[in-house]
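Take a look at the structure below.
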Number of protein chains: 4
Amino acid sequence: MTNPLDTTSDHRPGGGYTARVRVQVRAELAERGYEGLTTEGVATRAEVHRAMVYRCWRDAGGLLIDVIDAAGEIDWQPPNTGLLRGNLTALNQEIQESPVVRPSLAVALMAASFHSERTARAQTRLWADWYARCEILVERAVGCGGLDARHTDARSLLIAATAPLHHQLVLLRADPDPRLPKRAAETAVLAAAAGAFTVHREESV
Amino acid sequence: MTNPLDTTSDHRPGGGYTARVRVQVRAELAERGYEGLTTEGVATRAEVHRAMVYRCWRDAGGLLIDVIDAAGEIDWQPPNTGLLRGNLTALNQEIQESPVVRPSLAVALMAASFHSERTARAQTRLWADWYARCEILVERAVGCGGLDARHTDARSLLIAATAPLHHQLVLLRADPDPRLPKRAAETAVLAAAAGAFTVHREESV
Amino acid sequence: MTNPLDTTSDHRPGGGYTARVRVQVRAELAERGYEGLTTEGVATRAEVHRAMVYRCWRDAGGLLIDVIDAAGEIDWQPPNTGLLRGNLTALNQEIQESPVVRPSLAVALMAASFHSERTARAQTRLWADWYARCEILVERAVGCGGLDARHTDARSLLIAATAPLHHQLVLLRADPDPRLPKRAAETAVLAAAAGAFTVHREESV
Amino acid sequence: MTNPLDTTSDHRPGGGYTARVRVQVRAELAERGYEGLTTEGVATRAEVHRAMVYRCWRDAGGLLIDVIDAAGEIDWQPPNTGLLRGNLTALNQEIQESPVVRPSLAVALMAASFHSERTARAQTRLWADWYARCEILVERAVGCGGLDARHTDARSLLIAATAPLHHQLVLLRADPDPRLPKRAAETAVLAAAAGAFTVHREESV
DNA sequence: GTTTAAGCGAGACGGTACGTCTTGTCTTGGC
DNA sequence: GCCAAGACAAGACGTACCGTCTCGCTTAAAC
């Protein structure tokens, strides 16, 4: 975050090296993976003195948090190609394609999130933001009559639709299955049609 | 365990220290997390010389692989309490309870799986084994008429049922939701009833 | 003190902080010894910004020189209790008592004098001043008939009388010997009586 | 000390680098003075990894102690040219000549001795050893009738004879005076002849 | 009476050295 | 031959200082 209110970092001044460092952190993560990330490497690549990195990001964890947070700031929007089914499929395809290069930034960020409590929280923020952005897909579908008029738990639907993808790619580390994005989307839509994500009054108590 | 599949270790002689070391690796992982694991720490706790660890497990990755593999060798069986829905719920509850303490062994193993290609493969083996064991749940349900007689893709059903749990706990690092195990199980069963996991001929083309 | 001899400082304006800083330098030296002296510590204690210290004293060496020079400006006079023997003994006693606490300012100043050529010169100035002040002791003795009427090299006599003290305390770092001040004084007086410090014509050739 | 009993250092193995490192410490001290000594510089010059230096000498202080101690192990003997007066003069001349190069090892060792308690003790040991070796000069003189037959405090005599030299060179940092060695020796001998260093019974109580 | 320069607080910045901690290899010597 | 012991090379880590610099604010003197 270039955001000066950022409570994560300690001082992060206006110096032009901030962006430069961030780029190099991402590069190192993508090239060498989380464990290959070193303050030394980043500093050298960014042509900044190692001490500077410590001053501004405190330690290796700070770099990670910064990059994870920065990942949430790109102006991404979920696909909007029409129907819910298609949108979820497209979403899944995006997920599937992103970490196709090994080691990828996406996987490295996952690994990084295990580094410390703070990186874990950053990762949690990132996911929360991502799901918040995706909820519009579900809301659109409800509005267009694609779903039961009763209130649907968008977050659960989205998780049902996308979790299998993340599961396969990140946890199982299986090779991508080209049919999985569509299948998982359809499964979620079927379940939704069957009322699986309907919010009952008494449950919300 | 002198696991015959284990291509990692160079020799693993009869010394009684093998089990001792494994126990300590697990203890260190559970206590200090993946990043806190050091050969020194393990060796000291196991009262073995550090060189011994390198001789037998080659390097830190070897220790991790060994422990991940060992995790797949315990004689675990999925719950069998009756109906598919109940079984899946029970399964999810087990998942939810395991990593409740932070840092836990389960989470540490996840983190460890990002260490290298080899630990990733060990983790993949572990998941494969786990799903294989769980497939019996689905097969029983099909056999008992709980599901459509047409062939059901057990693996997909299981992933649909459990992925949301792993997603919440491991990736989102959210606080456990006591209702989630049941909900995710029900969602998967609803989807299954709607034919989401039915294998069609044309799909295999 | 805006010492006119001081070639060190670039400017030393009227701000009241000059004295404050000097006091803190002395305090730091006495408390933490020469190696423990930092511009940061001094600045903080003196409630002055670190940059101010650099502006006015140029660098750490400047602080040291300043303090060494300031040590020569206190209005000290050698003891005058009567006879040469007694005066020298009293002088030695003063020497012996000053650095009795370790680490002391006196020892820290000695250490500081090794810092650079410039601090060494400041230290030399300090000694020169000290001996100049002490020469009165010898001159009085000559005048009062306590010594041979021929001209006596006061400086040599003083060094002979006090060097053993400094040697023991500063170089040998031995524990103070309560009898040493008197003994060293007597030795010097005996040598003086034997003509050891008499200046002969032929020697000046 | 190559002495394996050495309680100063922590392990100091048989590796051939020990001597190499010591040589480089001395070289650095002589070239750059005490403050210019860095573990980094020494390690690089000795072609040893920096970590090795820390392993074997613990820290910068360890290096200093080692070198100070080593300085006491060279097989030096005081001059023996005949009479006490001449011997003391020769001794003083040796002192005067040693630190003639600035910065010299001798001065650097002095500065180093202020580094810590431990280096100070090493320096004290060095002086004690040096005086012990020099006492033979006085004993010879007493034996040959050069001095009063009553017992003479050799150490005090030696200090009286040499302290002015050290004082001038190390503390006052004055330029060497070519006549000083002889003068200081004569002064001490005169004082001795006058009974300045005679040990009285009651004093030794 | 402004304005303008110095004094000074604040802190970013580049840089050196420190001492610690791991990792993984290799050698030596006892059983 | 197993293995305890530990030396060794390598390199990252995070900290503490150092000394330089550029901003701005304020305040006293110059115009």
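The values are calculated or read from the model by the stated rules, or taken from the named source; none is laboratory data. Because the structure is predicted, anything quoted here is derived from the model rather than measured. Every residue, glycine among them, receives a Cβ derived from its backbone with ideal geometry; neighbour counts consider all protein chains shown.
Tabulated data for the structure shown
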| read-out | value |
| --- | --- |
| Subset tally (residues that are within 30 Å of A:S113 (Cα to Cα) and more than 10 Å from chain A (Cβ to nearest Cβ)) for region B:178-204 | 4 |
| Condition met for C:A141 (within 16 Å of DNA strand F (Cβ to nearest atom) and of a type in the set (A, V, I, L, M, F, W, C)) | no |
| Every pair of residues 6+ apart whose Cβ atoms lie under 7 Å, when the first sits in region B:11-31 and is within 15 Å of DNA strand F (Cβ to nearest atom) while the second is among the polar types (S, T, N, Q) and at pLDDT below 90 | B:R12/B:T2; B:R12/B:T18 |
| Test: residue in region A:75-83 that is acidic (D, E) and touching a residue at least 60 places away in the same chain (Cβ under 8 Å) | no |
| Qualifying residue in region D:34-50 (condition: within 14 Å of chain C (Cβ to nearest Cβ), away from DNA strand E (no atom under 13 Å from the Cβ) and in contact (Cβ under 8 Å) with a residue 24 or more places away in the chain) | no |
| Identity of the residue in region A:155-177, closer than 20 Å to A:D129 by Cβ and out of contact with any Phe, Trp or Tyr (no Cβ under 8 Å at 6 or more places or on another chain), that ends up nearest to the other protein chains (Cβ to nearest Cβ) | A:A163 |
| Odd one out for B:W57 among (1) modelled with pLDDT of 90 or more; (2) surrounded by fewer than 20 Cβ atoms within 10 Å (Cβ to Cβ) | (2) |
| Residue satisfying all of: in region B:33-68; in a helix (DSSP H, G or I) and under 15 Å from B:A106 (Cβ atoms); nearest to the chain's Cα centre (by Cα) among these | B:I68 |
